[in-house]
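First up is the structure itself, then whatever we jot down about it.
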């Protein structure tokens, strides 16, 4: 897989309270990924970008929320795809060092 495709698959880390707890307890990281990416592509992209070994991978589609404006118009935020990546023992990703 070329590096350009890797960067289009992994859009960035998803930081939330749940993802922080998973990272500390289970060596598991959460990423926002492209909606058309498959599990093998996501695994290969994470391993190539961060030089780690992926032990387990779970993917889920997040539905966009429905929001109502002050004037009563109903809008829907776009859906997106999330990947939970568990790394092998001894591997970790430090987002502070990534430039």
Out of segment 85-98, which residues are modelled with pLDDT of 90 or more and surrounded by 11 or more Cβ atoms within 10 Å (Cβ to Cβ)?
85, 86, 87, 88, 91
Looking at (1) in contact with a strand residue (DSSP E or B) (Cβ under 9 Å, 6 or more places away or on another chain); (2) surrounded by 11 or more Cβ atoms within 10 Å (Cβ to Cβ), can you tell me which one residue 7 breaks?
(1)
Hits in segment 24-40 (condition: touching a strand residue (DSSP E or B) at 6+ places or on another chain (Cβ under 6 Å) and either more than 12 Å from residue 82 (Cα to Cα) or assigned to a helix (DSSP H, G or I) (or both))
27, 28, 39
Going residue by residue through segment 20-29, is there one that turns out to be buried (at least 16 other Cβ atoms within 10 Å of the Cβ), in contact with a helix residue (DSSP H, G or I) (Cβ under 9 Å, 6 or more places away or on another chain) and closer than 21 Å to residue 97 by Cα?
yes
Filter segment 63-99 for residues that are more than 17 Å from residue 44 (Cα to Cα) and outside any loop (DSSP other than H, G, I, E, B); which is nearest to the chain's Cα centre (by Cα)?
80
One residue is enough: does segment 50-62 have a residue meeting the conditions surrounded by fewer than 11 Cβ atoms within 10 Å (Cβ to Cβ), at pLDDT below 95 and not in a strand (DSSP E or B)?
yes
Does at least one position in segment 67-84 carry a residue that is touching a helix residue (DSSP H, G or I) at 6+ places or on another chain (Cβ under 8 Å) and either at pLDDT 95 or above or surrounded by 11 or more Cβ atoms within 10 Å (Cβ to Cβ) (or both)?
yes
Report whether or not residue 47 is under 14 Å from the mean Cα position of the chain (by Cα) and without any contact (Cβ under 8 Å) to a residue 12 or more places away in the chain.
yes
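The values are calculated or read from the model by the stated rules, or taken from the named source; none is laboratory data. All figures in this text were calculated on a predicted structure; none of them were measured in a lab. Note that we place each Cβ from the backbone using ideal geometry, even for glycine, and neighbour counts take in every protein chain shown.
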